[in-house]
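Engineer: One structure follows; several queries about it will come next.
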């Protein structure tokens, strides 16, 4: 199986990995991904071998190219994954349909052929005939990682304010405003992020009384195990959103320049405790704008210069949705 990047996309492939292994326990599943994302699958019991793609060298293991495979499932479907496929011996290839034209039509011309599009994990599974996913959501196995906070002792609400793209980021001052209101009610805000989120997490943490800054140098498993101790996670449409879903933590997320139709909504985020099967995710978005979506991945600025897709999602609206989510 090939999915080189990124964090969220690889997490979204885990239901397919699990369903294949459960249906055919004798099958050995090898997985190729970029080395910086190895922790996503390092403890996954359904994986036989992880092969690491080193982007700096643009190469893959000789062991991978010298082997012979019964099937290649390419969930990346780009020029780089095609080059990888051409180096591996197999007569059987399945390639994920990215629906690139439909995404282009929606972004550029607002022609929506994706109204009935399924979520990405389901579409991944459709790349291979005969696989239906279970309802167990995403997998992220923590190994021996231990939490540094204990949720039973404190009323923790996690914030993951980082994003690669400006137009997918709820404003920093909105996070601060929401955090202060929650802090005044006795809740403790916990900041999560990777090395690129250090500044924003530090600024937000400094502005909210008694908050805990757990932003780190891309230690995914440490982030995930601490997320699990929170009553909810407030986040952007990002890899950490999917991480929180994998931990089965209630998620409130903001969709700005992107829309649900692209398929990257919180997947199957459910509470699987006996007699307690309820949704554990809410999306806050501005549905009044004709300019959405302006991109399928995110932009560095608002092309209309108003950024209403995020600015009109107020901290008050977020607070109400969050309390509703926690109490559901």
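Engineer: Which percentage, to the nearest 5, of the DSSP beta bridges contained in the chain is antiparallel?
Structural biologist: 10 percent
Engineer: Note the angle between two axes, namely the Cα long axis of helix 14-23 and the longest principal axis of the Cα atoms of the chain, as a number of degrees from 0 to 90, rounded to the nearest 10.
Structural biologist: For helix 14-23, the angle is close to 50 degrees.
Engineer: Taking only Cα atoms and a 10 Å spring cutoff, compute GNM fluctuations for the chain and point out the largest among 79, 240, 191.
Structural biologist: Top of the fluctuation ranking is 79.
Engineer: Could you tell me what % of all Cα pairs in the range 123-181 have separations over 12 Å?
Structural biologist: 82 percent
Engineer: Same structure again: From the P(r) of the range 7-126, could you give the percentage of C-alpha pairs in the tail past 24 Å?
Structural biologist: 32 percent
Engineer: While we're here: Gap in Å between the Cα centre of the range 89-141 and the Cα centre of the range 195-231?
Structural biologist: After rounding, the separation between the Cα centres reads 31 Å.
Engineer: Something else: How high is the relative contact order of the chain? Use alpha-carbon pairs under 8 Å, at least six apart in sequence, and give a whole percent. Show your work: numbers first, answer last.
Structural biologist: Values: 632 pairs, mean separation 56.7, N = 328.
Relative CO of the chain lands at 17 percent.
Engineer: With axes computed from alpha carbons, what is the tilt in degrees of helix 315-327 against the longest principal axis of the chain, rounded to the nearest 10 within 0 to 90?
Structural biologist: Result, in degrees: 70.
Engineer: Something else now. Report relative contact order for the range 7-126 in percent, whole number only (criteria: Cα-Cα under 8 Å, sequence separation at least 6).
Structural biologist: Contact order relative to length: 21 percent.
Engineer: Counting C-alpha atoms alone, how compact is the range 156-327: give Rg to one decimal and Dmax as a whole number, in angstrom.
Structural biologist: Expressed in Å, the Cα Rg and Dmax of the range 156-327 come to 15.1, 48.
Engineer: A follow-up question, please. Say we join alpha carbon atoms closer than 10 Å with springs in a Gaussian network model of the chain; which of 118, 23, 305 then has the biggest fluctuation?
Structural biologist: Among 118, 23, 305, the largest GNM mean-square fluctuation belongs to 305.
Engineer: Right, something else. Return one quarter of the surface area of the convex hull spanned by the alpha-carbon atoms of the chain, equal to its mean projected area, in nm².
Structural biologist: 17.4 nm²
Engineer: Follow-up question, since we're still on this one. Taking springs between alpha-carbon atoms closer than 10 angstrom, which of 12, 104, 32 fluctuates most in the Gaussian network model of the chain?
Structural biologist: Ranking 12, 104, 32 by mean-square fluctuation puts 104 first.
Engineer: So if we plug the beta-carbon distance of residue 172 and residue 150 into 1/(1 + (r/R0)^6) with R0 = 25 Å, what FRET efficiency do we get, rounded to 0.05? Provide the component values of the computation, followed by the final result.
Structural biologist: Numbers: r = 28 Å, r/R0 = 1.12.
After rounding, the FRET efficiency stands at 0.35.
Engineer: Give me the angle, in degrees from 0 to 90, between the Cα long axis of helix 198-207 and the longest principal axis of the Cα atoms of the chain, rounded to the nearest 10.
Structural biologist: So the helix axis and the longest Cα principal axis differ by about 20 degrees.
Every read-out reported here was derived from the displayed coordinates using simple, explicitly stated rules and does not represent laboratory data. Nothing here was measured: the structure is a model prediction, and the numbers come from that model. Virtual Cβ from ideal backbone geometry, glycine too; neighbours counted across all protein chains shown.
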